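Asker: Structure incoming, see below.
The values are calculated or read from the model by the stated rules, or taken from the named source; none is laboratory data. Small disclaimer: the values here were computed from a predicted structure and weren't measured. Positions of Cβ are generated from backbone atoms using ideal geometry, with glycine treated the same way; all protein chains shown enter the neighbour counts.
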């Protein structure tokens with residue numbers, strides 16, 4: 001999933017730096033796990049079975065999880081930009097307390113590829129929307145092994161993952177990719193609109209869908225387009241900030 | 001003997017009673033396995049429909065040496081009830097008729113609405129036995145325990161009735177036979193949103209019986225229906241204006257008048273929809289609950305709870321609304337709701353954040369402000385990114401006494417005293433060995449499974465389901481618990497269920513099963529306990545198991 005732009009470790013230096021890196025490794029592996037969890041959650045939010053209305057409870061729980069990670073990454077300073085009110089607010093013990101991230105499960109999974117069940121789950125609905133995206137099925141344990149860099153990479157990695165997800169989509173709106181990076185004012189990737197997008201359905205329905213969508217959305221006419229156009233619509237919701 | 005906890009000197013022994021449902025592909029047992037029994041010499045081969053149809057089972061499933069198949073015969077070869085014209089012998093089990101009964105062999109079945117659609121696209125098709133429409137989605141005993149209703153993903157409701165205990169069969173406690181089957185909900189399409197509305201029955205609730213007929217509420221995601229199930233064993237004959245076939249008679253040919261009389265007929269059980277309560281929920285209905293005044297009931301979806309009067313279908317009162325003005329701020333949904341068993345003004349609802357709110361409808365018309373708020377403070381040592389998800393309450397149930405409520409979240413069952421809001425009085429670990437697997441369970445979505453929980457009749461034992469077709473019972477008085485399994489391997493008549501154990505780490509003992517071997521696709525989400533006796537119904541995907549305690 002994260003095959004683009006990865007830095008390879010210089011093999012020779014490992015022994016020298018092992019001691020120094022040991023402390024850094026545990027911290028970064030936690031960041032990697034957190035990153036992977038974030039990506040998995042984003043994928044889950046996007047890949048809803050669109051023939052039947054998505055389960056609102058599930059979407060809310062996943063979105064809350066993403067928000068939680070988002071908050072923590074902000075306090076870490078690993079988020080893309082930090083607004084003044086966030087800086088220096090979080091007590092350190094909060095970071096420590098959230099360190100439990102099923103290490104044993106990850107280590108177990110690191111030894112083998114992502115479970116078939118997870119893959120099947122991902123690929124099924126995806127194939128409805130866009131066959132190419134199946135390549136993005138989470139292989140987080142293995143990708144995690146490669147990415148042992150500074151937190152800066154994580155932040156970039158987040159946008160890379162978004163990028164990864166979107167780049168292969170045939171977008172009818174070429175400006176959509178620029179939108180991803182053009183916005184500098186708003187601090188967060190706005191997950192609220194993701195949730196809203198899920199709540200309202202990718203096809204705008206009556207009030208619920210419309211009130212959740214920001215004005216810049218194309219409007220009900222997009223629901224008349226093909227599935228790909230619908231995905232494009234979802235993309236626009238996601239990048240809306 | 002107190003139900004649920006046995007005598008003072010021994011525990012309750014649970015034994016298998018019945019199983020109803022489809023067989024899974026790949027079962028390769030050599031012994032006759034329920035529900036199929038392999039006849040050695042079937043006494044009624046000409047009547048057995050599957051003798052003619054050799055496509056029913058692939059030959060691989062037949063034990064070696066057997067090439068005859070008689071699903072209506074009990075393991076010993078004698079005909080079971082609901083077999084053909086002459087069948088009236090004893091069988092210790094019965095298949096679910098709707099799946100297997102062709103229309104011509106249904107004399108003893110009391111259903112009227114045989115679902116031919118189901119017959120056409122289910123069992124009898126090549127090799128596809130367990131269809132997704134058969135997955136049981138709700139189980140509920142009625143208030144006397146005489147009837148047991150199940151709803152499935154295909155929108156069907158099947159009602160079982162306990163047979164009268166006969167004096168010469170003391171050891172066989174009343175077993176449950178199919179009483180009625182009907183299609184409650186059909187799949188619909190919401191044209192405005194271009195989305196399907198599933199026909200899956202989310203909940204069934206019985207009304208207390210007030211006359212000869214039975215009434216129940218059944219609901220899918222959007223619509224609640226009130227069904228009347230009644231028996232008819234007499235029909236009028238001797239009309240003047242129509243003949244026996246119902247054709248109108250020419251009045252000119254009528255020379256005498258007669259009074260129509262009621263003559264006995266074969267018992268017929270018919271289900272009719274008496275009320276349809278539709279178009280009141282934007283989000284998916286997750287709970288319905290009949291009020292103790294028997295005049296009103298409530299239906300709860302993810303964000304709202306509505307109060308209905310049984311007589312009025314075009315209006316409902318909204319009594320809870322947690323939808324934020326800006327949907328972007330949504331962080332919490334309603335997961336379950338129930339009325340107090342005795343106080344018709346009190347109800348509770350649970351949320352995805354692990355909180356329970358008790359509301360009094362006398363306080364205001366809109367019960368957005370709770371009267372009591374139950375929440376347990378979070379344990380900081382157990383905190384993780386999954387804490388909120390596993391704290392989401394999937395079911396809430398009042399005790400029969402009305403003094404306690406029980407809640408089920410992903411890993412535990414908790415009992416709360418209504419008078420203490422800051423923490424539960426009892427917490428039971430259902431499958432704590434999953435705590436270290438939360439990441440994987442999040443990935444395969446199992447962490448979102450909604451398990452239900454039930455009280456026994458005396459509120460002394462609570463039961464809930466788990467994975468691998470395990471279900472757990474906790475005795476509140478002795479603090480002992482047991483894990484049992486609903487599987488066909490243990491399905492011999494009156495076979496005592498052996499307690500199961502999951503081994504967490506280290507050396508696995510002989511009968512234990514390790515956590516990694518658990519089958520997460522076999523989950524028991526729905527169970528029911530008879531209101532006064534030790535009879536439980538356990539839904540395992542598409543099979544319904546009935547267990548009773550051992551009768552000496």
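Asker: Please find, within segment B:278-292, the residue that is nearest to the other protein chains (Cβ to nearest Cβ) out of those that are assigned to a strand (DSSP E or B) and under 22 Å from residue A:57 (Cβ atoms).
Answerer: Residue satisfying both the conditions and the ranking: B:287.
Asker: Continuing with this model, one more query. Return yes or no: is residue B:464 farther than 25 Å from residue B:403 by Cβ and assigned to a strand (DSSP E or B)?
Answerer: no
Asker: Let me ask something else. Among the residues of segment B:293-315, which ones are within 14 Å of another protein chain (Cβ to nearest Cβ) and either modelled with pLDDT under 95 or part of a loop (DSSP other than H, G, I, E, B) (or both)?
Answerer: Result: B:301, B:302, B:303.
Asker: So, in segment B:513-541, exactly how many residues are within 26 Å of residue B:442 (Cβ to Cβ) and outside any strand (DSSP E or B)?
Answerer: 11
Asker: Taking residue B:527 as the residue in question, decide whether it is modelled with pLDDT of 90 or more, closer than 19 Å to residue B:16 by Cα and surrounded by 22 or more Cβ atoms within 10 Å (Cβ to Cβ).
Answerer: Answer is yes for this residue.
Asker: Here is a list: B:207, B:195. Which entry is surrounded by fewer than 21 Cβ atoms within 10 Å (Cβ to Cβ), over 27 Å from residue B:545 (Cβ atoms) and either within 14 Å of chain A (Cβ to nearest Cβ) or in contact (Cβ under 8 Å) with a residue 60 or more places away in the chain (or both)?
Answerer: B:195
Asker: Answer yes or no as to whether residue B:357 is more than 14 Å from every other protein chain (Cβ to nearest Cβ) and out of contact with any strand residue (DSSP E or B) (no Cβ under 8 Å at 6 or more places or on another chain).
Answerer: no
Here is a yes/no grid of residues against (1) in contact with a strand residue (DSSP E or B) (Cβ under 8 Å, 6 or more places away or on another chain); (2) away from every other protein chain (no Cβ under 11 Å); (3) assigned to a loop (DSSP other than H, G, I, E, B):
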{"site": "B:349", "(1), (2), (3)": "yes, yes, no"}
{"site": "B:364", "(1), (2), (3)": "no, yes, yes"}
{"site": "B:368", "(1), (2), (3)": "yes, yes, yes"}
{"site": "B:376", "(1), (2), (3)": "yes, yes, yes"}
{"site": "B:388", "(1), (2), (3)": "no, no, no"}
{"site": "B:396", "(1), (2), (3)": "yes, yes, no"}
{"site": "B:402", "(1), (2), (3)": "no, yes, yes"}
{"site": "B:406", "(1), (2), (3)": "yes, yes, no"}
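Asker: Still on this structure: For segment B:422-448, name all the residues that are farther than 18 Å from residue B:482 by Cα, touching a strand residue (DSSP E or B) at 6+ places or on another chain (Cβ under 7 Å) and crowded, with 16+ Cβ neighbours inside 10 Å.
Answerer: Selection gives B:424 alone.
Asker: Quick check: is even one residue across segment B:237-256 in a loop (DSSP other than H, G, I, E, B) and in contact with a helix residue (DSSP H, G or I) (Cβ under 8 Å, 6 or more places away or on another chain)?
Answerer: Yes, the conditions are met somewhere in segment B:237-256.
Asker: Return the residue satisfying two criteria in turn: it lies in segment B:316-334 and is within 14 Å of chain A (Cβ to nearest Cβ), closer than 21 Å to residue B:277 by Cβ and in contact with a strand residue (DSSP E or B) (Cβ under 6 Å, 6 or more places away or on another chain), and of such residues it is surrounded by the most Cβ atoms within 10 Å (Cβ to Cβ).
Answerer: B:334
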